[in-house]
Amino acid sequence: MQNKDSKATLSKEISFEEFKNTILNDYRIANESREASLMGRREVLTGKAKFGIFGDGKEIPQLAMAKVFKGGDFRSGYYRDQTFMFATDNLTLQQWFSGLYGHTDADAEPMSAGRQMGGHFGTRTLNTDGSWKNLTQIKNSSADISPTGGQMPRLLGLAMASKHYKLNTELQSEAFSNFSNKGNEIAFGTIGDASTSEGLFWETINAAGVMQIPMLVSVWDDGHGISVPKKYQTTKENISEILKGFQREGDSNGYEIFKTKGWDYAHLCETYEKAAKVCREQHVPVLVHVEEVTQPQGHSTSGSHERYKSKERLQWEVDFDGLKKMREWIIESAIATTDELLVIEVAAKKSVRDAKSAAWNAYLTPIKIEVKEVSELIDAVEKQSEHSASIAKIKNELLSITEPIRKDINVAAKKILRITRLENLSAKTKLSDWISESKIANYDRYSSYLHSHSNLNALGIKPLAVEYKEDKQVDGREILRDNFDAILNKYPQVLIFGEDSGKIGGVNQGLEGLQDKYGEIRVFDTGIRESTIIGQAIGLAMRGLRPIAEIQYLDYLLYALQIMSDDLATVQYRTKGAQKAPVIIRTRGHRLEGIWHSGSPMGMIINSIRGIYVCVPRNMTQAAGFYNTLLCSDEPALIIEPLNGYRLKEKQPSNLGEYKVPLGIPETIHSGNDVTLVTYGSCCRIALEAVEKLQEIDISVEVIDLQTLLPFDNNATIVESVKRTNRLLVLDEDVPGGASAYIMQKILEEQGAYKHLDSEPKTLSAKDHRPAYGSDGDYFSKPSADDVYDAVYNIMHEVNPAKFPRIY
Ligand SMILES: Cc1ncc(C[n+]2csc(CCOP(=O)(O)OP(=O)(O)O)c2C)c(N)n1
C-alpha cells in the first residue's frame, strides 16, 4: 500500500518466506507490546502496580529502529521504548511486568531491580563482579532516567566514544576489543517531541553537529507533552522544520535530517536503513523526526487524555493507530491473511497474560513466604505472652493482607516486640533476629550499590606515598601538568577535555603543551556547555574510556549539577550495579574574586551528588594524588583544585602519575592541644596562618585537613583529636549551615564527639551571600585568618576569661 518497494527494502536477497517471517515476527512483537501496555494499565488501576507509563502508539517506529541496531551500539532513550527493548531481545514480557511491579530481584527485573519505575530501560554492561562484559556483543541500552531530556547529554558521549575508538589507534588493540569495533557503533537517542523544548536537547544537538559523531536521534512526535500541545512547545510546531539550519550542506558539518510517519511501517524501515547507513559509515549525526505518532491510552496511568485531546484528534489516533495500519499493509501487500494475523493477535494476548501472571507470582511468592515465616515466629511469642489477644490480632491482620509488602511484615513484627517489651520471653529472640536479618536483606534491596562493589572500589585502592628526589620548588600548576602528562602516557584510554583545555592548555595552564604532545583526540577544547561536558564524559565512561572532564570554575558546575545528580551519581545505584561510569570531573574553586569566581557551594554539591566522591585537596600535590587514585578505581569523582594555588610553590614530587592519595583519610597538618580545627581546601592555608599567630599567645590548635568530603573520615580519626582537645571548630567557606552542618553532623553524631566536648562546638563559615568583587569582598564575606583567630580565641575566652580577656 504505502510502498510497493517495501519488500525489496526489507527483504534484500531473502526469500519471501523469510521476508514474511520477519514481518510477522515484528507484528507479533508489536501486538505483545500493545497488549502489555493495555494489561499494564489495568494492573495499575486495580492496584497491583503503582504507576504505569507505556509505549503504546510508539511500537512501529521502534521495530524499525531495532532492525538497524547492531551489537556494540548504544541506546539512550526514555520510557516509551519497550517495543524496541522487546525487539532487540533485551527484555522479556515477564521482565517488563516485573518492572511494573517493582520487583527487587535483579534476575526477575534486570533493568533496575525495582529501583526505577517500570519503563526505565537498561541492559547489563557489567558482570556481577563489576567487570566489563564484551559490549560489542550486546545491543546496549544505557540506563534511563526520568527527567525528560536528561538522556541527551549522555547520548553525546556514547556517540563520541565511537569517534574516539576510530581515531585513537592505541585503542585498537586486543585490550580494548570488548568496547568497540574500530568505532563502528551508533549511539541511538530517543526523545518525545515535547521534551525537545529542554535546553539539554539543544545543547546536545549543537555539540554533536560540531563534533560530527555517529548519533542518531529519533523524535517520537505525538503532538503533546502530557496535556500541553506542540503549539506551546515548539516554534512552528515542527522540530525538524526548525532544525533545518543544522542540515549539512556541501562541505559543512551538520546533520542529515529525515522525516517519516509513526504508522508507516515500510517507510519507517526504509528511513532507518538510510539513516543508520549514513550515521554509521560517515559518522554524521542524524535526526529522524517521526511524526503522526499516537498515544492510545494517554500519557500515563495518572490521568486520561480525553481531558485535553479533541474528539477529532482522538478519532484520528484510532484511525492512524500503528498496529491497525501495519495490519492493513500486511494484508494489502498480500504478505499474510487476516486469519494468520488473528492467530498472532490471539497468541499475543495469551503470552502477555501468562507473562503477567508469572511475573506477579514471582514477585509475590517470596513475600508471602516471609509472611508465613514471621507469622510462625509470632505464634511462638503469642503462646508465651500475656498479650496473646493483641498479638493474635496483629498477626491476623498481617495474614489477611492479600498482597502484602515487606513493610507490612516489619510493622507487625515491631508492633509485637513493642507490646511485649516488658516480658522476658524466649520466643522473642527469633522474632528480633528476623528483624535484624530483614534489615540486611532490605539494605541490599534498597540501599546497596551507591558505590561500586567491585574490587576497583575507590576506597580499596592502595595508597602510595609521594616521593621527592630533590628539594625543588615549582608552581602548583606544574605539578598538575606533569602529573597529567604521566597519566596520559600511562593510560591510552584517558582523554581530557573542557573549555580552553586543549589549545591553550587550560585557563591555569595545568594542561600546558599536552595537546601538542598527545594530539587533539586526547586533550581538547569543548564549547561552553557544562551539562553536555558531563554528559559527554558519562557516555564515554560507559563505553570503557576514562574521561577527565573539566568544568572551568566551580561556580559553573551548577549548569552541570543536574546531570551529575540525576545521571552520573545514580548510575550504579539505579542499575543495582549493572552499569558504571567512572568519570573524573576536574574543576577549581573556592576563593578568588567576585560573585562567580569564588563560590564554594559545597553543601549543595555534596548533598546532591551522593554516589560521586568529592575531593577537596588543599594543594596541587594532593590533587594530583587523587587523580592517580581515581584512575585505578572504577568510580566517579569530583576533584576541586584550590583556585588560588596554581602559582603557589610546592615541592616537586618525583613519582608523578604513581603516588596515590587515599580517599576518606584526613591529614593532621598542624598538631595542637587546645582546639581541634577541621577544615579543607583553600581554608587550610588560612587556618595555618591564624594558628601560627595563636601559638604566640599560647593557644595550641590542631588543624585537620579533611581532604575529601565524600567519603568523610572513614576511620573516624577526628574524634580522636577531640578526645584530647575537648573543643571543636569547623571552618568552611560555604554559607552558614552548608557543608559545615554536614561536617558537624558527621563528627558529633556519627563519630560521637559530643561526649568529649568541654566547650560549645562552633562553625565558622562565609556570609549568606557570595563575595563581592570589591577588593575587600573576600575579607568581609569569607572567613579570613582574622576570623579564625577570633573564633578560636573566643572559645578559649570562655574557658579561661582571665587568661584570654575579650579583645574587641
Ligand atoms: C525535567 C522533567 N520535567 C517534567 C517531567 C514530567 N513529565 C514526564 S513526561 C512529560 C511529557 C513528555 O512529553 P514528550 O517528551 O512529548 O514525551 P511523550 O510522553 O509524549 O512520549 C513530562 C512533562 C519530567 N519527567 N522531567
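List the strands (runs of 3 or more DSSP E) inside the stretch 663-757, counting only whole elements, that have at least 3 residues being of a type outside the set (Gly, Ala, Ser) and in contact (Cβ under 8 Å) with a residue 40 or more places away in the chain.
On the way: elements: 667-670, 675-679, 701-705, 708-710, 728-731.
Strands (runs of 3 or more DSSP E) meeting the threshold: 667-670, 675-679, 708-710, 728-731.
Report every pair of residues separated by at least 6 positions or lying on different chains whose Cβ atoms are under 7 Å apart, first residue within the stretch 290-309 and aromatic (Phe, Trp, Tyr), second within 10 Å of the ligand (Cβ to nearest atom).
Close Cβ pairs satisfying both conditions: TYR308/SER227.
Condition check: more than 15 Å from the ligand (Cβ to nearest atom), over 30 Å from GLY527 (Cβ atoms) and touching a residue at least 24 places away in the same chain (Cβ under 8 Å). Does ALA276 satisfy that?
On the way: more than 15 Å from the ligand (Cβ to nearest atom): yes; over 30 Å from GLY527 (Cβ atoms): no; touching a residue at least 24 places away in the same chain (Cβ under 8 Å): yes.
It is false that ALA276 is more than 15 Å from the ligand (Cβ to nearest atom), over 30 Å from GLY527 (Cβ atoms) and touching a residue at least 24 places away in the same chain (Cβ under 8 Å).
Across the stretch 310-327, which residue is farthest from GLY52 (Cα to Cα) among those that are within 16 Å of the ligand (Cβ to nearest atom), outside any loop (DSSP other than H, G, I, E, B) and touching a residue at least 60 places away in the same chain (Cβ under 8 Å)?
Restricting to residues being within 16 Å of the ligand (Cβ to nearest atom), outside any loop (DSSP other than H, G, I, E, B) and touching a residue at least 60 places away in the same chain (Cβ under 8 Å), the top hit is ARG313.
Of the conditions (1) within 16 Å of the ligand (Cβ to nearest atom); (2) within 30 Å of the chain's Cα centre (by Cα); (3) part of a loop (DSSP other than H, G, I, E, B); (4) under 26 Å from ALA66 (Cα atoms), PRO296 fails just one. Which one is it?
(2)
Which residues, counting only those in the stretch 425-444, are under 22 Å from PRO711 (Cα atoms) and of a type in the set (Lys, Arg)?
none
Tell me, which residue of the stretch 113-123 that is within 16 Å of the ligand (Cβ to nearest atom) and small (Gly, Ala, Ser) is farthest from THR204 (Cα to Cα)?
Step one: of the stretch 113-123, the residues within 16 Å of the ligand (Cβ to nearest atom) are 116-121.
Narrowing the set further to residues that are small (Gly, Ala, Ser) leaves 118-119.
Working: GLY118: 26, GLY119: 23 Å.
So, considering only residues that are within 16 Å of the ligand (Cβ to nearest atom) and small (Gly, Ala, Ser), the one farthest from THR204 (Cα to Cα) is GLY118.
Condition first: touching a Leu at 6+ places or on another chain (Cβ under 7 Å) and more than 17 Å from VAL792 (Cβ to Cβ). Now tell me which residues in the stretch 754-766 satisfy that. Spell out how you get there, then give the answer.
Applying the first criterion (touching a Leu at 6+ places or on another chain (Cβ under 7 Å)) to the stretch 754-766 yields 754, 757, 761-762, 764.
The one that is touching a Leu at 6+ places or on another chain (Cβ under 7 Å) and more than 17 Å from VAL792 (Cβ to Cβ): TYR754.
Out of all the residues in the stretch 328-353, which are hydroxyl-bearing (Ser, Thr, Tyr) and not in a helix (DSSP H, G or I)?
Passing the criteria: SER333, THR337.
Do you know which residues across the stretch 189-230 are within 13 Å of the ligand (Cβ to nearest atom), of a type outside the set (Val, Ile, Thr) and assigned to a helix (DSSP H, G or I)?
Residues of the stretch 189-230 that are within 13 Å of the ligand (Cβ to nearest atom), as a first pass: 189-201, 217-230.
Subset that is of a type outside the set (Val, Ile, Thr): 189, 192-195, 197-201, 218, 220-225, 227, 229-230.
Correct list: ALA194, SER195, SER197, GLY199, LEU200, PHE201, LYS230.
Among the numbered conditions (1) surrounded by 22 or more Cβ atoms within 10 Å (Cβ to Cβ); (2) more than 16 Å from the ligand (Cβ to nearest atom); (3) closer than 24 Å to PHE69 by Cβ, tell me where ALA106 comes up short.
Against the list (1) surrounded by 22 or more Cβ atoms within 10 Å (Cβ to Cβ); (2) more than 16 Å from the ligand (Cβ to nearest atom); (3) closer than 24 Å to PHE69 by Cβ, ALA106 comes up short only on (1).
Sort through ILE538, ILE461 and tell me the only one that's closer than 30 Å to GLY577 by Cα and surrounded by 23 or more Cβ atoms within 10 Å (Cβ to Cβ).
ILE538
Specify the residue that is nearest to the ligand (Cβ to nearest atom); the eligible residues are those in the stretch 124-162 that are out of contact with any Phe, Trp or Tyr (no Cβ under 9 Å at 6 or more places or on another chain) and within 19 Å of SER454 (Cα to Cα).
ARG124
Residues that are in contact (Cβ under 8 Å) with a residue 60 or more places away in the chain: which strands (runs of 3 or more DSSP E) entirely in the stretch 455-530 hold 3 or more of them? Explain how you work it out, then say what you get.
Numbers: elements: 473-475, 494-498, 523-525.
Answer list for the stretch 455-530: 473-475, 494-498.
Consider the stretch 457-508. How many of its residues are over 20 Å from LEU643 (Cβ atoms) and aliphatic (A, V, I, L, M)?
Counting residues in the stretch 457-508 that are over 20 Å from LEU643 (Cβ atoms) and aliphatic (A, V, I, L, M) gives 11.
Regarding the stretch 235-253, can at least one residue be identified that is outside any helix (DSSP H, G or I), buried (at least 18 other Cβ atoms within 10 Å of the Cβ) and not hydrophobic (A, V, I, L, M, F, W, C)? Reasoning before the result, please.
Of the stretch 235-253, the ones outside any helix (DSSP H, G or I) are 238, 243, 247-253.
When the remaining residues are screened for being buried (at least 18 other Cβ atoms within 10 Å of the Cβ), the result is 243.
Next cut, not hydrophobic (A, V, I, L, M, F, W, C) only: none.
Within the stretch 235-253 (the criterion being outside any helix (DSSP H, G or I), buried (at least 18 other Cβ atoms within 10 Å of the Cβ) and not hydrophobic (A, V, I, L, M, F, W, C)), the answer is no, since none of the residues qualifies.
Mind checking which residues of the stretch 657-685 are over 12 Å from THR725 (Cβ atoms), crowded, with 23+ Cβ neighbours inside 10 Å and of a type in the set (A, V, I, L, M)?
Once the filter is applied, which keeps residues that are over 12 Å from THR725 (Cβ atoms), crowded, with 23+ Cβ neighbours inside 10 Å and of a type in the set (A, V, I, L, M), the stretch 657-685 yields VAL661, LEU663.
Between a first residue in the stretch 164-187 that is in a helix (DSSP H, G or I) and a second residue that is among the charged types (D, E, K, R), which pairs have beta carbons less than 7 Å apart while being 6 or more apart in sequence or on different chains?
TYR165/LYS182; LYS166/LYS182
Taking TYR78 as the residue in question, decide whether it is out of contact with any Lys or Arg (no Cβ under 9 Å at 6 or more places or on another chain) and crowded, with 23+ Cβ neighbours inside 10 Å.
Working: out of contact with any Lys or Arg (no Cβ under 9 Å at 6 or more places or on another chain): yes; crowded, with 23+ Cβ neighbours inside 10 Å: yes.
The answer is yes for TYR78.
Might you let me know whether the stretch 355-374 holds any residue that is in contact with a Ser or Thr (Cβ under 6 Å, 6 or more places away or on another chain) and within 25 Å of PHE97 (Cα to Cα)? Reasoning before the result, please.
Taking the stretch 355-374 as the starting set, the residues that turn out to be in contact with a Ser or Thr (Cβ under 6 Å, 6 or more places away or on another chain) are 359.
Filter once more, so that each one left must be within 25 Å of PHE97 (Cα to Cα): 359.
For the stretch 355-374, residues in contact with a Ser or Thr (Cβ under 6 Å, 6 or more places away or on another chain) and within 25 Å of PHE97 (Cα to Cα): present.
One line per residue, one yes/no per condition, for (1) touching a helix residue (DSSP H, G or I) at 6+ places or on another chain (Cβ under 8 Å); (2) aromatic (Phe, Trp, Tyr); (3) touching a residue at least 12 places away in the same chain (Cβ under 8 Å):
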| residue | (1), (2), (3) |
| --- | --- |
| ILE331 | yes, no, no |
| ILE335 | yes, no, yes |
| VAL343 | no, no, no |
| ARG353 | yes, no, yes |
| ASN361 | no, no, no |
| SER390 | yes, no, yes |
| SER400 | no, no, no |
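ALA175 versus (1) at pLDDT 95 or above; (2) farther than 21 Å from GLN536 by Cβ; (3) more than 15 Å from the ligand (Cβ to nearest atom): which is the lone unmet condition?
Here ALA175 clears every test but (1).
Among the listed residues ALA537, ALA486, identify the single one that is over 23 Å from ILE186 (Cα atoms) and among the aliphatic types (A, V, I, L, M). Give the steps one after another, and end with the answer.
Details: ALA537 fails: over 23 Å from ILE186 (Cα atoms).
It is ALA486.
With at pLDDT 95 or above, farther than 24 Å from ILE704 by Cβ and not aromatic (Phe, Trp, Tyr) as the only criterion, which of LYS660, LYS580 stands out? Walk me through how you get there before you give the answer.
Values: LYS660 fails: farther than 24 Å from ILE704 by Cβ.
Of the residues listed, the single one that is at pLDDT 95 or above, farther than 24 Å from ILE704 by Cβ and not aromatic (Phe, Trp, Tyr) is LYS580.
The values are calculated or read from the model by the stated rules, or taken from the named source; none is laboratory data. Given the structure is predicted, the values throughout are model-derived calculations rather than measurements. We place every Cβ from the backbone using ideal geometry, glycine too, and count neighbours over all the protein chains shown.
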